[in-house]
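This report concerns only the one structure given below.
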Amino acid sequence: MLWLAAAMTAFPVPAGAAALSDAIRADMPMLMNLYRDLHANPELSMQEVRTPAKLAPEMRKLGFEVTEHVGKTGVVAVMKNGPGPVLMLRADMDALPVKEQTGLPFASKAMGKLPDGTETPVMHACGHDTHVTTWLGTARRLAAMKNQWSGTLVMVLQPGEERVLGAKAMLDDGLFTRFPKPDYMVAFHDAAALPAGQIGITPRYALANSSSVNITIHGVGGHGAYPHTTKDPIVLGARIVEALQTLVSRENNPFEPAVVTVGSFHAGTKNNIISDEAKLQLTVRSYPAEVQEKLIAGIRRIVRGEAIAAGIPEDKMPEVTVPESAPSTFNTDELGQRMRGVFSQHFGADRVVESRPIMASEDFSRYWLADKSKQSLLFWVGGTPRDKWDAAKGDETKLPSLHSPFWAPDAEAVISTATEAMTVATLDILKKG
């Protein structure tokens, strides 16, 4: 509990928060054991079996009504505690196909299989193990404090966030019809861009829309010495890559951030053969949905236009598909401002900051998009160890990021801070009277 002791000096705890901090401190040895176990045994998206099987019995012991296998591997735990609003707290539990290089004594050595059957090392490189541990820690506190809140608590352990599949799978499996529909939805994410134990709240757009776009270019192959007898898909692909850059630089409003990145370009097998096909893979990012739609429409227009200019016949026009998308994560004004005030009062204003939006993506906003009349918030809890943050002077480019094989957050700081923040948020939203 070294970080907790240091936190008392670094971030003075208001007197009213001392009892909650003490209770969380008492839970930390058990929670850290759980964290280390989860970290050493990560599971890929939609393949989470061990994690929910470990957490569901713990929630039943606390008095929650627990349903497993929601959206394939998700868990929904409900506690009804008198009249009042319905609050949903979500934690995601999947890991990434990354080989861990942190050097931690409990580092993952796990292997998993990608959807295509390829074997891969697996690591909690995004900190979802801290999210799951916090989920249980928060449930323990709220079950023990039932006399201090009134309403219905719906705790969701979600699969498949990394592949932006889990939220949709749970909604499609009746999350908002089989269980109490939330009036408020809250989640947190550990952050590499904040020092350990600091809380960040981003107004409105917090994370971006993200779409994967695949382009298959059909050409006419032939000998590299006789290019005039071919329709070269590599040349056409190069033209498309260049032209796509104008979508952001010349067609998008500079006050609406956007990214169009070509991350993969594959074609050909030999230096003297002109291939008959080229494949591009893109990621497209923005915040408002209408900007994302405009970018994708622009991609389709440019691909077709360049193909026509290259003399590609209609029956060989390139194919553009969008196999995977995640909506931007939007923090509603009312709940965001309310929690900024609650956290500042509880932890002290110096411990709560306004975070800037980022271009990464999440699927948490699917819950809010299912009913925009509700209130939703995803906030950040800093995870970069203080000594490393100070040594880098807060320069994120000198520190491991989320999804890095070197990402090793100060888990004790993340879990204790997030458990306290989630508990405080719940006590405010479900306060009696």
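The values are calculated or read from the model by the stated rules, or taken from the named source; none is laboratory data. Quick caveat, the model's predicted, so the values are computed rather than measured. Cβ placement follows ideal geometry from the backbone for every residue including glycine, while neighbour counts extend to all protein chains displayed. All accessible areas refer to the heavy atoms of the entire protein, side chains included, with ligands and DNA or RNA removed. Shrake-Rupley method; radii C 1.70, N 1.55, O 1.52, S 1.80 Å.
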> Given the Cα-Cα distance of residue 290 and residue 256 and 0.36 nm per residue of separation, how much length would full extension add, in nm?
Replying inline: 11.2 nm
> Which value, in debye to the nearest 20, describes the size of the charge dipole of segment 277-418 about its Cα centre when Lys and Arg Cβ atoms bear +1, Asp and Glu Cβ atoms bear -1, and nothing else is charged?
Replying inline: 200
> Mind checking which lysines have their C-alpha under 17 Å from residue 146, skipping anything on the same chain fewer than 8 residues away?
Replying inline: 61, 80, 431, 432
> Cα-Cα pairs above 20 Å in segment 227-329: how many percent?
Replying inline: 42
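Grab the alpha carbons of segment 298-433, take their convex hull, and tell me the volume per residue in Å³. Intermediate values should be presented prior to the final figure.
Numbers: hull volume 25.6 nm³, N = 136.
Spread over its residues, the Cα hull of segment 298-433 gives 189 Å³ apiece.
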>> With every protein chain left in place and a probe of 1.4 Å, what is the accessible surface of residue 386, to the nearest 10 Å²?
In response: 80
>> How much accessible area per residue does the chain have, counting only protein heavy atoms and a probe of 1.4 Å, in square angstrom?
In response: 43
>> Between residue 406 and residue 19, what is the label-point separation in nm under the 7 Å Cα-to-beta-carbon projection?
In response: 4.5
> Which of the listed residues, 189, 221, 332, is farthest toward the dipole's positive end in the chain, when Lys, Arg count +1 and Asp, Glu count -1 at the beta-carbon?
Replying inline: 332
>> Taking all protein chains in place and a 1.4 Å probe, what share, in percent, of the accessible surface of segment 138-216 do carbon and sulfur account for?
In response: 44
>> Per-residue counts of other Cβ atoms within 10 Å, averaged by peptide: what ranking do you get for 197-204, 309-316, highest first?
In response: 197-204, 309-316
>> Give me the percent of accessible area attributable to carbon and sulfur for segment 239-386, probe 1.4 angstrom.
In response: 50
> Where Lys and Arg each count +1 and Asp and Glu each count -1, what net charge lies around residue 410 among other residues with Cβ under 11 Å from its Cβ?
Replying inline: -1
> For segment 49-205, what number results from the quotient of the Cα radius of gyration and 2.2 N^0.38 Å?
Replying inline: 1.10
> Taking a probe of 1.4 angstrom, what is the accessible area of residue 69 in Å², to the nearest 10?
Replying inline: 140
> Could you state the per residue volume, in Å³, of the convex hull enclosing the Cα atoms of the chain?
Replying inline: 160
> Can you list the equivalent-ellipsoid semi-axes of segment 152-280, largest first and in whole Å, using the square root of 5 times each Cα gyration tensor eigenvalue?
Replying inline: 45, 20, 14
> Of 419, 332, 384, which is the most mobile in a GNM of the chain whose springs link Cα atoms less than 10 angstrom apart?
Replying inline: 332
